[in-house]
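These notes concern the structure reproduced below.
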Amino acid sequence: MKKALICAVLSVCVVGLLFGGGQTEVRTIKLGHIRDEGHPTHMGALEFAKLVEQRTDGRIKIEVFPNSQLGGIQEMFTQIQTGDLEMVYGGINTLGFIDGGDAFEITAIPFLYRDYEHMRNSLKADFFKPVFEEAEKKTGIKVLNVAGDTAPRGLSANRPIRKPEDFRGLKIRTAASEVVLRVMKKLGALPQQIPFAELYVALKTGVVDAQENGAIVVKNNSLYEVQDYYMKTDYIRDVETFYINPEFWNSLSAEDQQILMEASEEAGALVTKLTQEQLKEAYDFLDTKITVIRPPELDLAAIRKVLEGTFADWEGVKWPKGLLANIRGL
């Protein structure tokens, strides 16, 4: 009788395990980004998803939505704020586009960052921590990690640009960024806002003379067909960034938070590697199609000198006083 009772109890336990009583809850994270499926950012997002699922034994699954499937970056930021989206993978520059993230306009200041390592080390330095904390409070968006190099912005045009004077009267299509608009106006160019989808035709028909995207964009979108020169200014840099809803983040265990952090670091390293490979391929290709002007023929020192003080009125207003000096001194 006693043996039969024990067997019955064991049978109930086994049935419970098989039919859900002992199953671990699977949490799903939606992660959106704006890049196409061949872009290093997408490869990094897939790597992040794979590593998280492996290291949580499937307890956390990440669904990746590329190519603005969930909307543009600002729309996805809004979804994080409302809790309708858990994560976004996109540039740190874009945090400056939304209310409460103004301080991050400093990440788009031209020629401020020497290279990817300098920019990332600046963002991870102690002097930047209060900036991240304040932005999280104001925006409702948490930065999990800044990890993943992006192609720096350059300049293509239908005439050579070698010195500051060459910018005068240049009709240039720019990003909808106050930083870029200030820069081009200071150099004497005539910035214009044109949707990217219309850029090729605008360059071909002479609506604008130039545009300011990086070498990979110029190659992949065939802009070399309607431009004669590419200037390797590398004037604005960015770092791909893992953003997350703070409430969702706080609901995770310390162990799972560590897994996400480590996976984001490894995914960012992959993005950096792939970006460098694609940049080399882009320059090798452009060298066969158009004239690529590089320093020292391209006088970056003279251009930087003209731009000195362009953003002095933002010091202590958009970002804490002394932050620029800390970055330059790192």
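In order along the range 179-194, phi translates into HN-Hα couplings of 4, 5, 4, 4, 4, 5, 5, 4, 7, x, 7, 10, x, 9, 9, 9 Hz, rounded to whole numbers, per the Karplus curve 6.51 cos²θ - 1.76 cosθ + 1.60 with θ = phi - 60° and x for Gly and Pro. Taking 7 Å steps out from each Cα toward its Cβ at TRP249 and GLU281 produces label points 3.3 nm apart. Listed by chain and number, the aspartates and glutamates placed with their C-alpha closer than 14 angstrom to that of LYS61 are GLU25, GLU47, GLU53, GLU86, ASP256; residues fewer than eight positions away on the same chain are left out. For the pair LYS289 and THR205, the difference between a 0.36 nm per residue extended length and the Cα-Cα distance amounts to 28.3 nm. Peptide packing: for 310-323, 119-132, the average count of neighbouring Cβ atoms within 10 Å per residue gives the ranking 119-132, 310-323, highest mean first.
Summarising the label geometry, the points placed 7 Å from Cα in the beta-carbon direction at GLN193 and ASN67 lie 2.7 nm from one another.
Rounded to the nearest whole Hz, the Karplus-based 3J(HN,Hα) values (6.51 cos²θ - 1.76 cosθ + 1.60, θ = phi - 60°) of the range 284-294 follow the sequence 4, 5, 4, 4, 8, 10, 9, 8, 9, 9, 10, with x at glycine and proline. The H on the amide N of PHE65, modeled in the peptide plane, is under 5 Å from the matching H of LEU31, GLY32, HIS33, each at least 5 residues off or on a different chain.
For a distance above 36 Å, tell me the whole-number percent of Cα pairs in the chain that qualify. Can you show the working numbers first?
Working: 14726 of 54285 pairs.
Cα-Cα pairs in the chain separated by more than 36 Å: 27 percent.
Total lysine pairs in the range 110-211 at Cα distances under 14 Å, for residues eight or more apart or on different chains: 6.
In what sequence do TYR89, TYR283, TYR224 fall when counting other Cβ within 10 Å, fewest first? It would help to have the intermediate numbers written out before the result.
Numbers: TYR89 29, TYR283 16, TYR224 20.
Ranked by crowding around the Cβ, least crowded first: TYR283, TYR224, TYR89.
Read-outs: derived from the displayed coordinates by stated rules, not from any lab. None of these values were measured; they are calculated from a predicted model. Neighbour counts are summed over all protein chains in view; Cβ atoms, including those assigned to glycine, are modelled from backbone coordinates with ideal geometry.
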